[in-house]
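The values are calculated or read from the model by the stated rules, or taken from the named source; none is laboratory data. Since the model is a prediction, treat every value here as computed from it, not as a measurement. Positions of Cβ are generated from backbone atoms using ideal geometry, with glycine treated the same way; all protein chains shown enter the neighbour counts.
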Amino acid sequence: MLLGYAGTCRLLHYGLSIMPTLPSSSATSLFSFQRANDAAPESVSLLNREVLGFFDELRAPLLRYALSFGLSIHDAEDTIQEVFLALFQHLRQNGSRSNLHGWLFRVTHNLALRRRQRSQAHEVDAPAEDLWLDPSPNPEELLLSSERQAQLRAVLRVLPEMDQHCLRLRAEGLRYREISAVLGISLGSVSTSLARTFARLARTEGRR
C-alpha cells in the first residue's frame, strides 16, 4: 500500500524541514528570453508571462532540489536558469503541457546531475542533510535534544542517494507517480524507498 501524506507529516514531526533559507532573486535578473524569429511577438510575450508564472511558483522548491545534489548556490542558480529556458523552448515548440510541475523537477534532476558530474570540486553552502533541518527556531525544534538532531543527521547521511531523492521530492509535494517519472524508476521502487526511509526514521525515533 502506498504511503500517503501521513508519511510526510511523520517526517516533519521528526524535526525535518524542507524550507532552508534561499537567496532572493528576481525573475528578470535570473533569466531573460530571446524573441524567436519564427514566432509572433505577441506569442512570445504570452510565453514569457507563463514561464515567469511558473518561475515565481516553483523557483524555491526547484532550487532546493538542485542544492541537494551538492551544487554550490551559484551552480544551482545557473541550473534553475537552464531549467526555465528549457521550459520556454518546450512550450514554444508546442511540447506537452501535461504535468509541467513534474516535468520541471525531471529537467532539474537531469541538469543538476549533469552539472555535478562535470564539476571537479563541489562547493556546498551547507551539508546536504542540514537542508532538511529547520534553520529557524520553532516550538517543535526547541524540544529536540542535540542527541536527537545528531541521530537524524546520521540517518539522512547514510541514506542511499536514490532514497534521498525520493524523500526530497516527496517532501516537496510530488506524488508517487511524479517521483517515478522524475527519477526514472518504477512506482513500486518509489514506494519501497520511502517505506524504507520512514522505517529508519521510526527506528531512530524509537531509540530516543
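Out of the residues in region 148-175 that are farther than 16 Å from S68 by Cβ and touching a Lys or Arg at 6+ places or on another chain (Cβ under 8 Å), which is modelled with the lowest pLDDT? My answer is R148.
Scanning region 172-204 for residues that are under 16 Å from the mean Cα position of the chain (by Cα), among the hydrophobic types (A, V, I, L, M, F, W, C) and crowded, with 20+ Cβ neighbours inside 10 Å gives L174, I179, V182, V190, L194.
Taking every residue in region 187-198 that is at positive phi and pairing it with any residue that is surrounded by 14 or more Cβ atoms within 10 Å (Cβ to Cβ) and aliphatic (A, V, I, L, M), at least 6 positions away or on another chain, yields no pair with a Cβ-Cβ distance below 7 Å. Taking residues in region 89-115 that are more than 18 Å from Q164 (Cβ to Cβ), and partners anywhere that are among the charged types (D, E, K, R), the pairs with Cβ atoms closer than 7 Å and at least 6 places apart or on different chains are L91/E50; N99/E178; G102/E178.
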